[in-house]
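Undergrad: Can you read through this structure? Questions will come right after.
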Amino acid sequence: MPDYFDVPAIAYEGPDSKNPLAFRWYNPDEIVEGKSMREHLRFSVVYWHTFRGTGSDPFGVGTAHRPWDDGSDSLDNAVRRVHVAFEFMEKLGAPFYAFHDRDVAPEGATLAESNKNLDAVVKVLKEEQQRTGIQLLWGTQNMFSHPRYMHGAATTCNADVFAYAAAQVKKALEVSLELGAAGHVFWGGREGYQNLYNTNMKREIDNLGRFLNMAVDYADKIGYKGVFYIEPKPKEPTKHQYDSDAAACINFLRAYNLTDRFKLNIETNHATLAGHTMMHELEYAGMQGMLGSIDANTGDMLLGWDTDQFPTDIYLTAQTMLTILKYGGLAPGGVNFDAKVRRESFEPIDLFHAHIGGMDAFARGLKIAAAIRADGELDRLLQERYASWDSGIGQEISAGKQSFESLEQYIMAKGNPAPNVSGRQEMLENLINRYL
Ligand code: XUL
Ligand code: CO
């Protein structure tokens, strides 16, 4: 097998290293809170951006220089890409990857032909997984690129397209089973609307609930036991996606009896498009027991779309890891780099720089979060803030032992509530800065 990247395996060299092709923080075997960094972070490389991204944007064609790719839709090209991908992931030391069905194998003229192409590539993926030990974090299906899905897939107005989508997911689940995927993602693709004048929202959302229940039934039937994830995103491509944020997704999952089988895959840039922070979305999912996995990336404050840039901001990764540690980690989910190099970074080596930076930012975020937790000061301050709920009237309210009438009696007798205490916003922000 030829070497497609003229790069040695990326090693940990420590914070003082000036080598751009080395890790300064990600030290896979280093133990943090009793687990190795490798186990905490479970890094995953995405096939769609890293091996299929061309660097095109709405204003111009692709710029990416990928000498191994002949640009054709041939199976040969697809199989060669598999070898490139595994060489890349092996050299990077990423234990996981993720793909959509159409990322790895060309779409044929019929579904039967697409399935045949997929089978041929899955065979090679499986061999490469066995050779390297790299595993599939999650599989998924592309139900948004082809024109048949212009009105959506599970939420389409065209029942035949719903049937096509069901058959496509059936096959994708068989692939997830075959490759031992730890999870299977449903990102809403074109499930949403541009205009409520032509949309029967109830019918569309009922159909989405029905579709995902059929997916669960089929997974049970074939014995696929991976976790299902919904990936919230508020807009793009439609102006209103049904899975708009963590709260909307959890409400949907409850309404359609899907919470046993589904968790959420929270993506940073989607959180910010929804007007939330990543920490908010993680906290919301975590407190509901629905935090599954994350798509790690970042947007650009000055661009209004899903730019999917690699994360380098230590504040962001520290907040992300603080919340993830609070809810007991991500496994069997992971930190999946749903991120792309920017158009100007067109050389293959840029793929390494981008991932190394993202992995280091997360490793550093993990260490900062663990230090904050070990110190315990933030926790103590939080507990103190809610101390009124740990005894007396607060404890009784929490235990369900009070009513409006008894509370009226209580406060009438007391006269005025106990005085408020400062929220100490600035002090807390300064406290976090101490660990960075
Ligand atoms: C789209 C997005 C997807 C999902 C998988 O914004 O994030 O790539 O992660 O379908
Ligand atoms: Co994503």
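Undergrad: State which residue is most open to solvent (accessible area, probe 1.4 Å) when the search covers only the stretch 356-402 and only residues that are among the aliphatic types (A, V, I, L, M) and more than 30 Å from Phe96 (Cα to Cα).
TA: The residue in question is Leu382.
Undergrad: Then there's this: Does Leu264 meet the test of being within 11 Å of ligand 1 (Cβ to nearest atom) and either surrounded by 21 or more Cβ atoms within 10 Å (Cβ to Cβ) or assigned by TED's automatic domain parsing to the domain that holds Val216 (or both)? Reasoning before the result, please.
TA: Details: within 11 Å of ligand 1 (Cβ to nearest atom): no; either surrounded by 21 or more Cβ atoms within 10 Å (Cβ to Cβ) or assigned by TED's automatic domain parsing to the domain that holds Val216 (or both): yes.
Against the criterion (within 11 Å of ligand 1 (Cβ to nearest atom) and either surrounded by 21 or more Cβ atoms within 10 Å (Cβ to Cβ) or assigned by TED's automatic domain parsing to the domain that holds Val216 (or both)), Leu264 does not qualify.
Undergrad: Which is assigned by TED's automatic domain parsing to the domain that holds Trp138 and either open to solvent by 80 Å² or more (accessible area, probe 1.4 Å) or without any contact (Cβ under 8 Å) to a residue 40 or more places away in the chain (or both), of Val61, Val45?
TA: Val61
Undergrad: Right, next: For the stretch 289-317, name all the residues that are touching a strand residue (DSSP E or B) at 6+ places or on another chain (Cβ under 9 Å) and away from ligand 1 (no atom under 12 Å from the Cβ).
TA: Within the stretch 289-317, Gly289, Met290, Leu291, Gly292, Thr298, Asp300, Gln309, Phe310, Pro311, Thr312, Asp313, Leu316 qualify.
Undergrad: Another one. In this structure, does Gln383 turn out to be under 33 Å from the mean Cα position of the chain (by Cα) and in a helix (DSSP H, G or I)?
TA: yes
Undergrad: What number of residues in the stretch 168-205 are touching a residue at least 60 places away in the same chain (Cβ under 8 Å) and among the aliphatic types (A, V, I, L, M)?
TA: Count: 4.
Undergrad: Here's a follow-up. Residue pairs, Cβ under 8 Å, 6 or more apart or interchain, first in the stretch 289-305 and of a type in the set (D, E, K, R), second surrounded by 21 or more Cβ atoms within 10 Å (Cβ to Cβ) and in a loop (DSSP other than H, G, I, E, B). List them.
TA: Every condition considered, the pairs that remain are Asp295/Asp338.
Undergrad: Looking at (1) within 25 Å of the chain's Cα centre (by Cα); (2) away from ligand 2 (no atom under 16 Å from the Cβ); (3) open to solvent by less than 60 Å² (accessible area, probe 1.4 Å), can you tell me which one Gln141 breaks?
TA: Gln141 satisfies every listed condition except (2).
Undergrad: Hey, Ala78 hits all of (1) among the small types (Gly, Ala, Ser); (2) open to solvent by 30 Å² or more (accessible area, probe 1.4 Å); (3) within 22 Å of Phe144 (Cβ to Cβ) but one; which does it fall short on?
TA: (2)
Undergrad: Restricting to helices (runs of 4 or more DSSP H) lying wholly in the stretch 12-104: which have 2 or more residues that are more than 22 Å from the chain's Cα centre (by Cα)?
TA: 75-92
The values are calculated or read from the model by the stated rules, or taken from the named source; none is laboratory data. Note that the coordinates shown come from a computational prediction; the quantities given were computed from them, not determined experimentally. As a convention, Cβ positions derive from the backbone with ideal geometry for all residues, glycine included, and neighbour counts pool all protein chains shown. Accessible surface is based on the protein model in full, side chains and every heavy atom, while ligands, DNA and RNA are left aside. Shrake-Rupley method; radii C 1.70, N 1.55, O 1.52, S 1.80 Å.
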